[in-house]
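Q: Right, I'll just put the structure down here and ask away after.
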Amino acid sequence: MRSRALSMIEIASYPPLLCTFHKFGLIFLRFHIHKLGRENSFSVIDTDDKKRVLKPFCKEVPASSASHLISSYKNELLTPEDVRKIAKTETENEVATVYAKYEEYIAANNLVDFDDLLLLPHLILSRFESVAKETSEKYQYIMVDEYQDTNSLQFELLKRLCHTHNNICVVGDDDQSIYSFRGAKVENILSFESSFGEAKVVKLEENYRSSSKILNIANLVISNNKKRYEKKLKATREEMEDVEHKGFNDEKDEATWIAKTIKELIKKGEKPSNIAVLFRVNAVSRAIEEGFRAQNLGYVFIGGMKFYERVEIRDAIAYLRLAVNPNDDFSLKRVINKPKRSIGKTSIEKLEALCDKLNIKTYELLSNDFYNETLLQSVGKKTFGELKNFIQIIDELRAKKEASTFELLVEFENIVGLKKFFLSIPNEEERAANLDEFYGSLKEYFKTNPQQDIEEYLNDISIQSDVDTADFGREVPIMTVHASKGLEYKIVFVVAMEEGFFPVSNERTDMEEERRLCYVAFTRAKDKLYITSSKSRFVYGKRDYSPPSRFLKEAGLTDAPIAIGNEGAAYAKNDLVKHKIFGFGRVLEVSKSGKDLKLKINFGGSQRDILASFVEKAI
């Protein structure tokens with residue numbers, strides 16, 4: 001970008017500054033951090049260093065979660081005192097305390113973290129009028145790319161830089177604002193004209209990537225959003241192949257068809273790197289990955305980990321290995337402190353030294369009462385008790401395994417508590433969902449393979465891992481829609497287009513952002529777009545029956561009504577319903593609300609949001 005930009009202008013004595021927000025912040029702080037009583041010889045710490053600094057301050061909340069939350073707070077301009085005022089739970093109170101101690105530590109040691117590169121410049125520009133005026137006059141013209149992805153702090157920093165002028169030009173696409181979970185505010189671009197007076201809007205509607213048929217369905221979907229700039233992309237290239245929607249009975253049929261179709265495309269000469277498989281929800285990847293492996297088709301997971309490589313899945317597998325072989329020291333050491341048991345590195349080193357001295361395995365040392373006194377003297381009373389509790393868990397798993405494989409699977413989470421542990425940690429819900437997916441896949445495996453035992457299953461997993469690392473020279477990229485942002489492929493498969501999976505449906509769902517995600521997914525394709533859905537999907541430990549995604553209807557790919565199931569009933573846009581008080585009305589929108597549905601209904605010109613359980617179909 002730098003070389004292209006500079007080649008278009010005559011270089012003056014002082015060439016324009018072209019950099020990221022954070023690089024600008026770094027340059028600014030080298031000149032002005034002394035205003036805060038800090039030395040300009042500060043060091044910038046990365047994410048790993050930040051976690052190491054936080055770890056001693058964290059008791060119940062893991063350092064990784066505290067790091068993420070503190071980053072969010074800084075980007076929302078919240079101080080530790082602000083966080084404490086709005087804290088509603090013990091966890092939030094603890095994070096506020098950790099945040100305060102962390103800030104004291106990095107200030108005392110003249111350290112700056114990634115978020116401080118924006119927060120501290122904003123603080124200086126807000127406090128010191130002369131610096132704000134000087135800096136704004138220095139940068140007379142400001143340009144910002146990908147403006148739809150800016151957060152609150154970046155917006156406020158731009159306002160400070162425009163202290164003496166309004167010479168700002170931003171480029172962005174509100175229809176591609178998909179990072180609210182990182183703090184991005186689509187409102188920044190939608191309110192640009194009111195935030196920076198006398199702004200002119202220039203619509204860039206020519207698209208050089210996708211064929212017209214792909215753009216047409218993307219336009220149809222995104223046009224249903226209300227909070228957006230009105231625009232319509234037009235293709236500038238020749239027409240290519242059609243968009244194709246395929247429906248399946250279940251996720252296995254879907255994955256098999258996708259893998260076989262890709263194999264055929266490769267046989268015809270298509271490069272695997274020109275093909276991509278996209279999904280909204282991470283847990284969907286397990287079925288896709290298994291479909292690829294069954295067809296001996298290589299793949300690479302972009303921006304994430306393959307299902308069986310994820311930390312929480314490896315932890316669960318380690319416990320299963322211990323149920324089969326408690327003398328597996330590698331697996332035992334992996335989970336000895338998972339969930340957290342306050343068994344630290346020093347205690348583990350003492351265990352290893354004892355085992356070496358006595359020439360025994362760790363399990364024998366911990367489970368045999370003969371060694372209790374020696375163990376107690378070595379690790380202390382508290383750690384001794386934690387180690388004994390841990391061994392009791394292993395013994396319970398072994399007993400269940402001896403009774404039956406099915407009993408082991410049913411009781412596994414109750415005994416181990418991995419899912420419960422991740423649910424107790426802020427921002428770790430996805431790990432808990434992945435465990436649900438793993439537990440469910442285990443039960444499904446043994447239902448369809450009743451003659452198999454747990455040892456054979458674990459051997460299969462090991463073989464799959466070896467196959468995963470083999471270099472076939474034919475790797476197809478698979479990824480979440482979020483990870484696909486900014487990428488493009490000749491052929492794209494967008495999978496699991498069902499209600500609950502794309503769009504997702506929970507209490508935090510923003511349907512307009514889900515629709516923007518769909519728009520981004522469709523427009524990754526250049527020549528050919530395949531869209532798949534299934535009548536049922538085994539995910540999160542159970543089989544769900546979900547209607548097709550509302551986005552298929554909006555894209556004109558199905559004639560089925562936009563509907564969401566509700567205990568046998570389904571409501572769709574334009575359905576006629578009856579309410580006991582308001583009478584007859586027409587459904588305008590359907591969305592999920594917990595276990596019920598929320599309907600936006602037009603009652604003779606008066607619009608109301610009513611739960612589906614309070615109305616009935618009129619026809």
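The values are calculated or read from the model by the stated rules, or taken from the named source; none is laboratory data. Keep in mind it's a predicted model, so treat the numbers as computed, not measured. With ideal geometry, Cβ positions are generated from the backbone for all residues, glycine too; neighbour counts draw on all protein chains shown. Just the protein is used for accessible areas: all its heavy atoms, side chains included, with ligands, DNA and RNA removed. Shrake-Rupley method; radii C 1.70, N 1.55, O 1.52, S 1.80 Å.
Q: Please determine, by comparing only the residues of region 185-200 that are charged (D, E, K, R) and not in a loop (DSSP other than H, G, I, E, B), which one is farthest from K227 (Cα to Cα).
A: E193
Q: Would you mention how many residues in region 578-612 are surrounded by 13 or more Cβ atoms within 10 Å (Cβ to Cβ), at pLDDT below 75 and closer than 18 Å to P547 by Cβ?
A: Summing the residues that are surrounded by 13 or more Cβ atoms within 10 Å (Cβ to Cβ), at pLDDT below 75 and closer than 18 Å to P547 by Cβ in region 578-612 gives 3.
Q: So, one more: Out of the residues in region 370-387 that are open to solvent by less than 60 Å² (accessible area, probe 1.4 Å) and of a type in the set (S, T, Y), which is nearest to P326 (Cα to Cα)?
A: Y371
Q: Quick check on F155: is it in a loop (DSSP other than H, G, I, E, B), under 24 Å from the mean Cα position of the chain (by Cα) and within 24 Å of D46 (Cα to Cα)?
A: When the stated conditions are applied, F155 does not pass them.
A quick yes/no check of all residues on (1) open to solvent by 10 Å² or more (accessible area, probe 1.4 Å); (2) modelled with pLDDT of 90 or more; (3) under 20 Å from K526 (Cα atoms); (4) in a strand (DSSP E or B):
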site: H482; (1), (2), (3), (4): yes, yes, yes, no
site: K490; (1), (2), (3), (4): yes, yes, yes, yes
site: N506; (1), (2), (3), (4): yes, no, no, no
site: R515; (1), (2), (3), (4): yes, yes, yes, no
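Q: Does F24 satisfy being surrounded by 15 or more Cβ atoms within 10 Å (Cβ to Cβ), assigned to a helix (DSSP H, G or I) and in contact with a helix residue (DSSP H, G or I) (Cβ under 6 Å, 6 or more places away or on another chain)? Steps first, please.
A: Working: surrounded by 15 or more Cβ atoms within 10 Å (Cβ to Cβ): yes; assigned to a helix (DSSP H, G or I): yes; in contact with a helix residue (DSSP H, G or I) (Cβ under 6 Å, 6 or more places away or on another chain): no.
Here the answer is no, as F24 does not meet what is asked.
Q: Turning to a different aspect of this structure: Answer yes if at least one residue in region 517-532 is open to solvent by 30 Å² or more (accessible area, probe 1.4 Å), in contact with a strand residue (DSSP E or B) (Cβ under 7 Å, 6 or more places away or on another chain) and not in a loop (DSSP other than H, G, I, E, B), and no otherwise.
A: Yes, region 517-532 has at least one match.
Q: Let me ask another. Can you tell which of S347, S404, S367, S342 is modelled with pLDDT under 85, more than 30 Å from the chain's Cα centre (by Cα), open to solvent by 10 Å² or more (accessible area, probe 1.4 Å) and small (G, A, S)?
A: It is S404.
Q: Here's something else I'd like to know. When the residues of region 27-47 are narrowed to those that are within 15 Å of L123 (Cβ to Cβ) and part of a helix (DSSP H, G or I), which ends up most open to solvent (accessible area, probe 1.4 Å)?
A: That would be F31.
Q: How about region 115-160: which of its residues are free of Cβ contacts under 8 Å to residues at least 24 places away in the same chain and over 12 Å from F24 (Cβ atoms)?
A: Scanning region 115-160 gives E129, S130, E134.
Q: Can you name the strands (runs of 3 or more DSSP E) wholly within region 241-338 that have at least 3 residues being modelled with pLDDT under 95 and over 25 Å from the mean Cα position of the chain (by Cα)?
A: Where strands (runs of 3 or more DSSP E) fall fully within region 241-338 and carry at least 3 residues being modelled with pLDDT under 95 and over 25 Å from the mean Cα position of the chain (by Cα), they are 243-248.
Q: Could you check V202 against (1) among the β-branched types (V, I, T); (2) touching a strand residue (DSSP E or B) at 6+ places or on another chain (Cβ under 7 Å); (3) open to solvent by 50 Å² or more (accessible area, probe 1.4 Å) and say which number it fails?
A: (2)
Q: Hey, can you tell me all the residues within region 418-448 that are touching a Pro at 6+ places or on another chain (Cβ under 9 Å), part of a helix (DSSP H, G or I) and of a type in the set (A, V, I, L, M)?
A: Correct list: L418 only.
Q: Please return the ranges of helices (runs of 4 or more DSSP H) entirely within region 49-140 where 1 or more residues are among the acidic types (D, E) and surrounded by 20 or more Cβ atoms within 10 Å (Cβ to Cβ).
A: Filter on region 49-140 gives 116-127.
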